[in-house]
Amino acid sequence: MLNPGFRRLKFIYALLALVVVGFSACRERTLISSSLSPASDTVGVRADTLSCITHTFYTDDVITSFNASGAYEYQAIGTLTDSFFGTTTAATFFQITNSGGVTSMATIADHIDSIVLTIPYSNFSYGDTGNLSLTQSYQVFYLDDTIGYNSIYFPYSNKAINIASPLSDPVTVNLHNLKDSVRVAGVNYAPAMRIRLKKNEIYPKLSAAVGAYAASPSSATFVEAFKGICIRPTSLVQFNKVLPYFVLNGSDDYTRAGILVYYHDTASADSAQHLAFSHEQSVCAHFNNVTKSYSRYPINSLFNSTQANDSIVAIQNQPGASIDLKVYGLLSKIPKGVVINKAEIQLSLIAPLNPAKLFPGDQIYPVGVGNGVYPAGTTAGGEYTVLDRFPLSTTSVYSVLDGTPHTINYGTTGITTYTIGIPREVISSIAAGNDTLHYHIRGTQVLYGAYRLLAAGGNYSDIRYKAKLIVVHSSLKK
């Protein structure tokens, strides 16, 4: 389960990532809360099951440079290989600024003990976290290109780095030990990855940026002079089983990503001090480069399926797999004039294909796809915000929209099923004379590249599992 920080960021993403589309209210059918639905056939309660046509497609349009005040900037760094979904490789690109307003480094040049890059650990890793011996190797590079603070970057975005002169040697990190607090000068600080930098490479760059800042004191001046940092795995073909996540922004020198210059005072060799050049959210840009390699893995057959209706479908956090789902027969299957009490898409996990160590996310999200006629004003293939997500300003709508997993029991068999409530969508579609609903279903946009699930599609052989839309409706008997 996600911690409160992740949940808060999920809500902010949900608000900002949606495109608001206005729809007129429909009075021809009435929505009644499922808790108030008639419970007896004496009022004509019936549930109809509509079949779905499902496919899996690759999507990578999540914004990895997302910046909202108060929201943590989570970054995946490393590699993860999944025997079904392939390899995920992630690197972070970010800027730092002159946090302490330093105007000269000349007086400490001969008294520097070490220069360290620090990036706080988020306390979340995805994969085989129970293995205490897993390691990954990282290296730090200087950017040869700038990052635009107001620019938008995606998982496939990249920037040139100075490969010839890395800022650090390769460093191997025990991923389990990332949870440990960092002890500096007798004080314990929040868990972080710390990488010692090469003084001969980093000092001239910092000193030059400080000089530019001294001539024109502003964060913009420093950021322009010091282009930024990249942390990435040393090998792009590592076959690792855990992908750790880090945080760029925080409240002080040890909870923000950045560079710490440790030195001793000229008057006392035992007096340890430091200068901080940190990532400050209000002035520093960032993005997460996350790539997938899947051509030799089973997921590739789903991406390239030519079947009319697939029996297995998949979801990952972007970049990765999403589900394309269509429901036909609203007009022919649902009687005219009934009250829609409940309408729910069900996607059930196929247990053997979902190992415990590579667990699914705690929520999935639908986005509507227009057909050129319905909803009015949308183009064919254009995405729209589902009616059941309104109003956007509150998460209370998820009491109906849901998107979380539940256990549905069939006799002695319990099946983990994600349910998505779309009663308003069904009501509106029928009222408009539209027979088909079309959705893209995705994972959360918070932790790039994390989570995965394999579910039964519309053509799955076991009817208990197969993707379906269940519509509960009623009509008062005269």
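The values are calculated or read from the model by the stated rules, or taken from the named source; none is laboratory data. These numbers were taken from a predicted model, which means no experiment stands behind them. Reconstructed Cβ throughout: ideal geometry from the backbone, glycine too, with neighbour counts over all protein chains shown.
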Six or more apart or on different chains, Cβ atoms under 9 Å: show the pairs whose first residue is in region 365-376 and in contact (Cβ under 8 Å) with a residue 12 or more places away in the chain and surrounded by 21 or more Cβ atoms within 10 Å (Cβ to Cβ) and whose second is part of a loop (DSSP other than H, G, I, E, B) and among the basic types (K, R).
none
Among all residue pairs at least 6 apart or on different chains, which show Cβ distances below 9 Å where the first residue, located in region 331-347, is without any contact (Cβ under 8 Å) to a residue 24 or more places away in the chain and the second is of a type outside the set (S, T, Y) and assigned to a strand (DSSP E or B)?
none
For region 130-227, which fully contained strands (runs of 3 or more DSSP E) count at least 3 residues that are in contact with a strand residue (DSSP E or B) (Cβ under 7 Å, 6 or more places away or on another chain) and surrounded by 15 or more Cβ atoms within 10 Å (Cβ to Cβ)?
135-142, 192-196
Kindly evaluate T444 against the criterion of being under 19 Å from A321 (Cα atoms) and at pLDDT below 95.
yes
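Taking the criterion of being more than 23 Å from the chain's Cα centre (by Cα), at positive phi, at pLDDT below 95 and assigned by TED's automatic domain parsing to the domain that holds F85, would at least one residue in region 168-184 satisfy it? Reasoning before the result, please.
Start the filter on region 168-184 by keeping residues that are more than 23 Å from the chain's Cα centre (by Cα), which leaves 168-174, 177, 180-184.
Checking which are at positive phi leaves us with none.
The answer is no; no qualifying residue exists.
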Identify, by number, the condition in (1) farther than 27 Å from I299 by Cα; (2) in contact with a helix residue (DSSP H, G or I) (Cβ under 8 Å, 6 or more places away or on another chain); (3) touching a residue at least 24 places away in the same chain (Cβ under 8 Å) that V397 doesn't meet.
(3)
Using the structure shown, decide if N434 is touching a Phe, Trp or Tyr at 6+ places or on another chain (Cβ under 8 Å) and surrounded by 15 or more Cβ atoms within 10 Å (Cβ to Cβ).
yes
Looking at this structure, is G377 at positive phi, at pLDDT 95 or above and in a loop (DSSP other than H, G, I, E, B)?
no
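Is there a residue being assigned by TED's automatic domain parsing to the domain that holds A351 and without any contact (Cβ under 8 Å) to a residue 12 or more places away in the chain anywhere in region 443-459?
Narrowing region 443-459 to residues assigned by TED's automatic domain parsing to the domain that holds A351: 443-459.
Okay, now just the ones that are also without any contact (Cβ under 8 Å) to a residue 12 or more places away in the chain, so none.
No, that holds for no residue.
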Quick count over region 397-418, residues being within 26 Å of A431 (Cα to Cα), modelled with pLDDT of 95 or more and among the hydroxyl-bearing types (S, T, Y), is 0
Checked pairs for region 422-437, first assigned by TED's automatic domain parsing to the domain that holds P366 and at pLDDT 95 or above, second in a helix (DSSP H, G or I) and surrounded by fewer than 21 Cβ atoms within 10 Å (Cβ to Cβ), C-beta under 6 Å and 6 or more apart or across chains, list as D435/L331
Counting only residues in region 273-288 that are crowded, with 24+ Cβ neighbours inside 10 Å and farther than 16 Å from G100 by Cβ, the one nearest to the chain's Cα centre (by Cα) is identified as N288
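If the requirement is being closer than 19 Å to I350 by Cβ and touching a strand residue (DSSP E or B) at 6+ places or on another chain (Cβ under 9 Å), which of these qualifies: P423, P405?
P405
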Within region 377-406, count every residue that is surrounded by 19 or more Cβ atoms within 10 Å (Cβ to Cβ) and acidic (D, E).
2
Within region 437-478, strands (runs of 3 or more DSSP E) holding 2 or more residues that are over 20 Å from I312 (Cα atoms) and touching a strand residue (DSSP E or B) at 6+ places or on another chain (Cβ under 7 Å)
468-474
Residue that is farthest from G449 (Cα to Cα), among those in region 228-259 that are part of a strand (DSSP E or B) and β-branched (V, I, T)
I259
